[in-house]
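Data first, discussion second: the structure below is written as structure tokens.
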């Protein structure tokens, strides 16, 4: 595919309660495989997707959180977390599975404005 | 302009399939092209041939098929999401096709605007 | 860019997050988010405050369907589906706050 666009995936939902986080990740991997310029944004409860220490054995749903750590291997390195969302949930960068860039809501808005395609799940 | 549309929720349960359809119809009426509608998450249920709403209700599945036929809209159902939810070629409604997530990426790269409807 | 919101602000924080992030641009309220464009509810002051920053539109068919067509907050612009399509073309991108 010759046309490269800036894709941003906006994740605003917690994992496991609904399937959105997992199926969003599946699109992210495919989009990266199509050599697009991929960014991930985590806002609101989406921040919980990146929480360390997820253990899903007791709910019999596959723990897909290791996939976030594998994103680097797909050249997906632009992960942004909104500061206000993290603060509101009592989380810090140390609680997260992967290195992220923390942005204020204003910076997040500016970054969204720069995208060609914004997909939100 | 060339539009791509993403539908993430099933018919009847959530208004998103109705909103997406009415948006597509309005875009076409204004002379735009709706190039592809991509059905993801529970949105894949929009393609079930087994759908039988009461007579006095809108038929969401057939309505998509008619739009596709009349205006050459590519109705693509995500294979991974479809298999999870029991949608296969044998119960796929006319006018739809099952394909991979790459078709969603393409709906982003090959259109001018991608508009998402969901919950 | 165009921000599309479809949740009632009385039970979900999507609109509030959207208004926090959307520095400027257009916000379109559809489906259950149309309640945010009506008078008399506890979200109204927040919507009025946002009107100075962003331009707010509401999808009239969704408002009418919910019997709220006569309670539109002044300063909110009502559009039909054709107007919805126009908003997606006049803005370079759109995001749905699902």
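Each value in this text was obtained by applying a stated rule to the coordinates, not by laboratory testing. Source: prediction; values computed, not measured. Here Cβ is always computed from backbone atoms with ideal geometry, including for glycine, and neighbour counts include all displayed protein chains.
If you take the Cα Rg of the range A:40-93 and divide it by 2.2 N^0.38 Å, with N the number of residues, what do you get? Provide the component values of the computation, followed by the final result.
Numbers: Rg = 12.3 Å, N = 54, 2.2 N^0.38 = 10.0 Å.
This ratio for the range A:40-93 stands at 1.22.
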| remark: One finds, for residue C:80 and residue A:106 with R0 = 30 angstrom and r their Cβ-Cβ distance, a FRET efficiency to the nearest 0.05 of 0.40
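To the nearest 500 deg cm²/dmol, what mean residue ellipticity at 222 nm is calculated for the protein assembly as shown from DSSP H runs of n ≥ 4 alone, each contributing -39,500 (n - 2.57), summed and divided by the residues?
Values: 12 runs with 105 residues, N = 338.
Result for the protein assembly as shown, helices only: -8500 deg cm²/dmol.
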| What is the order of C:97, B:35, fewest Cβ neighbours within 10 Å to most? | B:35, C:97
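Please compute the volume of the convex hull spanned by the alpha-carbon atoms of the range B:1-50 and report it per residue in Å³. List each step's numbers first, then the result.
Numbers: hull volume 3.5 nm³, N = 50.
Hull volume over Cα atoms, normalised by residue count, gives 69 Å³.
In percent, how large is the relative contact order of the range B:23-101, given Cα pairs closer than 8 Å and 6 or more residues apart?
Working: 106 pairs, mean separation 28.9, N = 79.
Contact order relative to length: 37 percent.
Which FRET efficiency, nearest 0.05, do residue C:46 and residue B:12 yield, Cβ-Cβ r, R0 30 Å? Before the final figure, lay out the partial values.
Details: r = 32 Å, r/R0 = 1.07.
The pair residue C:46/residue B:12 has a calculated efficiency of 0.40.
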| field | Choice from B:42, B:56, B:89 showing the highest fluctuation, given a GNM over chain B with Cα pairs closer than 10 Å | value | B:56
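Over all directions, what mean area does the Cα convex hull of chain C project, stated in square nanometres? Intermediate values should be presented prior to the final figure.
Values: hull surface 21.7 nm².
For chain C, the mean projected area of the Cα convex hull comes to 5.4 nm².
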| request: Among B:105, B:34, B:61, determine the one that fluctuates most according to a GNM of chain B built with springs between C-alpha atoms less than 10 Å apart. | output: B:105
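If r is the Cβ-Cβ distance from residue A:35 to residue C:70 and R0 is 45 Å, what FRET efficiency results, to the nearest 0.05? Spell out each step's value before the answer.
Working: r = 52 Å, r/R0 = 1.15.
With a Förster radius of 45 Å, E is 0.30.
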| field | Alpha-carbon centroid distance for the pair the range C:18-91 / the range A:67-113, whole angstrom | value | 29
| request: Can you work out the PRE-style zone for residue B:33? Point 7 Å along Cα to Cβ, and I want the residues of the range B:54-70 with backbone N under 16 Å. | output: B:68-70
| note | Between the alpha carbon centres of the range B:1-39 and the range A:1-31 the gap in Å comes to 20
| note | Percent antiparallel among DSSP beta bridges confined to the range C:2-97, rounded to 5, stands at 5
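For the protein assembly as shown, take the alpha-carbon Rg, divide it by the Kirkwood Rh, and send me Rg/Rh.
Values: Rg = 19.4 Å, Rh = 20.4 Å.
Taking Rg over the Kirkwood Rh, I get 0.95.
Roughly how compact is chain A, stated as its Cα Rg over 2.2 N^0.38 Å to two decimals?
Values: Rg = 13.9 Å, N = 121, 2.2 N^0.38 = 13.6 Å.
Dividing the Cα radius of gyration by 2.2 N^0.38 Å gives 1.02.
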| said: Which residue fluctuates most in the GNM of chain A (Cα springs below 10 Å): A:62, A:52, A:83? | reply: A:62
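Using only the Cα atoms of the range A:55-121, construct the convex hull and provide its projected area averaged over every direction, in square nanometres to one decimal. Can you show the working numbers first?
Values: hull surface 24.1 nm².
Approximately 6.0 nm², given one-decimal rounding.
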| said: What number results when the radius of gyration of chain B, computed over Cα atoms, is divided by 2.2 N^0.38 Å? | reply: 0.96
| field | Contact order normalised by residue count of chain A, Cα under 8 Å, 6+ apart, percent | value | 35
| request: Report the relative contact order of the range C:2-97, percent, no decimals, based on alpha-carbon pairs under 8 angstrom and at least 6 residues apart. | output: 34
